[in-house]
1. Assuming A:Gln6 fulfils every condition listed in (1) part of a loop (DSSP other than H, G, I, E, B); (2) under 14 Å from B:Gly43 (Cα atoms); (3) of a type outside the set (D, E, K, R) apart from one, which condition is it?
2. I need the full set of residues from segment A:73-98 which are within 13 Å of chain B (Cβ to nearest Cβ) and either more than 24 Å from B:Trp35 (Cα to Cα) or open to solvent by 40 Å² or more (accessible area, probe 1.4 Å) (or both), in order please.
3. Has segment A:32-52 got any residue that is modelled with pLDDT under 95, acidic (Asp, Glu) and farther than 17 Å from A:Ser86 by Cβ?
4. If I filter segment A:63-72 for residues that are surrounded by 13 or more Cβ atoms within 10 Å (Cβ to Cβ), within 14 Å of chain B (Cβ to nearest Cβ), closer than 26 Å to A:Gly16 by Cβ and modelled with pLDDT under 95, do I get at least one hit?
5. When both residues are 6+ apart or on different chains and their Cβ atoms are under 7 Å apart, which pairs have a first residue that lies in segment A:6-31 and is more than 15 Å from A:Leu76 (Cα to Cα), and a second that is at pLDDT below 95 and charged (D, E, K, R)?
6. Starting from residues that are in a loop (DSSP other than H, G, I, E, B) and under 14 Å from A:Ser94 (Cα atoms), keep the ones in segment A:47-62 and report whichever is farthest from the other protein chains (Cβ to nearest Cβ).
7. What number of residues within segment A:23-46 are of a type outside the set (Gly, Ala, Ser) and either under 25 Å from B:Thr105 (Cα atoms) or open to solvent by 90 Å² or more (accessible area, probe 1.4 Å) (or both)?
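The values are calculated or read from the model by the stated rules, or taken from the named source; none is laboratory data. Just so it is clear, the structure is predicted and the values come from calculations on it, not from any experiment. As a convention, Cβ positions derive from the backbone with ideal geometry for all residues, glycine included, and neighbour counts pool all protein chains shown. Just the protein is used for accessible areas: all its heavy atoms, side chains included, with ligands, DNA and RNA removed. Shrake-Rupley method; radii C 1.70, N 1.55, O 1.52, S 1.80 Å.
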Amino acid sequence: DSGVTQTPKHLITATGQRVTLRCSPRSGDLSVYWYQQSLDQGLQFLIQYYNGEERAKGNILERFSAQQFPDLHSELNLSSLELGDSALYFCASSDGPHQETQYFGPGTRLLVL
Amino acid sequence: DAKTTQPNSMESNEEEPVHLPCNHSTISGTDYIHWYRQLPSQGPEYVIHGLTSNVNNRMASLAIAEDRKSSTLILHRATLRDAAVYYCILRDVAGAQKLVFGQGTRLTINP
């Protein structure tokens, strides 16, 4: 158990819909990262927040957005969903903004029908 | 980000040592070598990292070539629980914090 929690575990929705994925980092960790894992693209970095502020951006679509709240939990919002958004979404956390070890949650499996 | 090359798959037997290679010929002087693994149906987990010297921890050992163009993750006594995809990742000490995952090596452990 990494100490990172993600909800929900599974999500099934339809094209065009909007969903919110939630992540609670390990106690004391200030950085949260979001990654997407699909069969064709592998594991890809989406975005990082550190202490409430966006720190780094990766291959995140404009239809996706994220935020980190004062209690340090984070949410990833996916809108206008397409079939290709079906994937595993992982959240990771670390205690600082730099090269610290990242601890990954169990993931949310999203299926868009 | 500097690129790493790993074999797509490897197979070993339970209770035997496993050597997982990684080539990183374009590594820069400030790149750390990190290893993560992903067990089936789980998120990735940190294994070990190093810069120049060999490193040991409770999970594995990391052997780094003198020219740093390659490294080897060593599992001293593989168990069935070590079956996973192993990722070798380079991280610039002054660069982005994101992890850049390649295809990794899928390790199968035979009982």
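1. Of the numbered conditions (1) part of a loop (DSSP other than H, G, I, E, B); (2) under 14 Å from B:Gly43 (Cα atoms); (3) of a type outside the set (D, E, K, R), the odd one out for A:Gln6 is (1).
2. Residues satisfying the conditions are A:Asp95, A:His98.
3. Looking through segment A:32-52, none of the residues is modelled with pLDDT under 95, acidic (Asp, Glu) and farther than 17 Å from A:Ser86 by Cβ.
4. no
5. So the pair list comes out as A:Gly28/A:Asp95; A:Asp29/A:Asp95; A:Leu30/A:Asp95.
6. Checking each candidate, the answer is A:Gly52.
7. 12
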